[in-house]
Amino acid sequence: MKVVLFCGGLGTRLRMREYSDSIPKPMVEIGYRPLLWHVMKYYSSFGHKDFILCLGYRGDIVKKYFLDYNEATSNDFVLTEGGKNIKLLSSDIEDWRITFVETGLHSNIGQRLKAVEMHLEGEEVFLANYSDGLSNLPLDQMLKHFNHHKKIASFASVRPHYTFHVVSLKNDHHVEGIKHLNSTGIWINGGYFIFKNDIFKYINSGEELIEEPFNRLISKKQLISYKYNGFWMCMDTFKDKQMLDDIYSKGDAPWEVWKNSEK
């Protein structure tokens, strides 16, 4: 099953320190691999290894990363002849197929998806992702849920990890209540999508994916969601990047579901 990954974001809220002034948001590293690699590795662990990258801001960096990809960085290997010969004991991307498509510097997600429509001809169902969030979402279970309900589109609903508080006001100034966002029962779009090819019938030129197209799907009762209460975290700010680095450094990152399949 093909996986469409939106890689064109500027990451404006990451615009501090050394990040996103020079690289696209999905290329910010967690550990020694970029966020995009972690997302692709996640899908690969479920057997989905045919990727379509929707490029935008600094797409050349994404291309160069994979053109110069060094398997030895994240795999065990045997080095002989003083470094002249390297024998990999495992591989990340040898069986991946990656299509790189320039989808516009300022295009929104809906436009980026429409730009790769030709690469999805003949695909009854495909996957898509914002490429800025990591999760241990059971993708196989989400696909079963999707196939059972026989709708055009589905997305993962997750609990927000933000440390904000929700405020209830009366007369625009009198505080009636305040509580942590996570205790409100709110679910948000986690950016993990499953689409039938019919989704393209619902997207008009220039439209953002979540606005008009999703509302059309709702009116036709063709949009469902898979609720997931497990680990999910997006990298929206520099603080998020630090938190993901901290989780990764402990050696048991929840999103590294491929480690279970490799045991």
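Report, to the nearest whole %, how much of the accessible area of the chain belongs to carbon and sulfur atoms, 1.4 Å probe, protein only.
Details: 6760 of 13610 Å².
Result for the chain: 50 percent of the exposed heavy-atom area is carbon or sulfur.
So which lysines can LYS170 reach, going by Cα to Cα under 28 Å and dropping same-chain residues fewer than 8 places off? Hits, sequence-local ones excluded: LYS179.
In the elastic network of the chain, a GNM with C-alpha springs shorter than 10 Å, the most mobile of ILE247, ILE52, ILE109 is ILE247.
Given Cα positions, please report Rg to Rh for the chain, the hydrodynamic radius being the Kirkwood one.
Details: Rg = 19.8 Å, Rh = 20.0 Å.
Across the chain, the Cα-based Rg/Rh ratio is 0.99.
In this structure, GLU176 and LYS227 have a Cβ-Cβ separation that, at R0 = 41 Å, corresponds to a calculated FRET efficiency of about 0.90.
Multiplying the sequence separation of PHE100 and GLU81 by 0.36 nm and subtracting their Cα-Cα distance, what value in nm do you get?
Details: separation 19, 0.36 × 19 = 6.84 nm, distance 3.58 nm.
Gain on stretching PHE100 to GLU81: 3.3 nm.
Convex hull volume per residue, computed on the Cα atoms of region 70-128, equals 149 Å³.
Pop the C-beta distance of TRP258 and ILE210 into the FRET formula with R0 = 25 Å and round what comes out to the nearest 0.05.
Numbers: r = 29 Å, r/R0 = 1.15.
E between TRP258 and ILE210, to the nearest 0.05, is 0.30.
In region 1-142, taking the dipole from charged Cβ atoms about the Cα centre, the farthest positive-side position among GLY47, HIS106, LEU127 is held by HIS106. Within the same chain, aspartates and glutamates fewer than 8 places from LYS259 are excluded, and of the rest, those with a Cα less than 13 Å from its Cα are ASP92.
Protein heavy-atom accessible surface, 1.4 Å probe, per residue over the chain: 52 Å².
Restriction of the GluC sites (Glu not before Pro) in region 30-122 to DSSP coil positions whose beta-carbon has at most 15 other beta-carbons within 10 angstrom yields GLU94, GLU121.
Could you order MET235, MET243 so the one with the most accessible surface comes first? Probe is 1.4 Å.
So, going from the largest accessible area down, we get MET243, MET235.
With a ≥ b ≥ c the root eigenvalues of the C-alpha gyration tensor of region 1-142, is it rounded (a/c under 1.5), prolate (a/b larger than b/c) or oblate? Because a/c hits 1.5 or more and a/b fails to exceed b/c, region 1-142 counts as oblate. Return the inverse of the average 1/r over all pairs of distinct C-alpha atoms in region 104-252, which is the Kirkwood hydrodynamic radius, in Å to one decimal. That comes to 17.5 Å for region 104-252. Of all DSSP-defined beta bridges confined to the chain, some 55% are antiparallel rather than parallel. Comparing LYS87, LYS239, LYS150 in a Gaussian network model of the chain where C-alpha atoms under 10 Å apart are linked, the largest mean-square fluctuation is found at LYS87.
Do you know the relative contact order of the chain, to the nearest whole percent, from alpha carbon pairs under 8 angstrom that are 6+ apart? Relative contact order here is 24 percent.
Within the same chain, lysines fewer than 8 places from LYS150 are excluded, and of the rest, those with a Cα less than 23 Å from its Cα are LYS2, LYS114, LYS196, LYS201, LYS220, LYS221, LYS227.
The values are calculated or read from the model by the stated rules, or taken from the named source; none is laboratory data. Please read these numbers as outputs of a predicted model, since none were measured by experiment. Here Cβ is always computed from backbone atoms with ideal geometry, including for glycine, and neighbour counts include all displayed protein chains. Note: accessible area is taken over every heavy atom of the protein model, side chains too, but ligands, DNA and RNA are not part of it. Shrake-Rupley method; radii C 1.70, N 1.55, O 1.52, S 1.80 Å.
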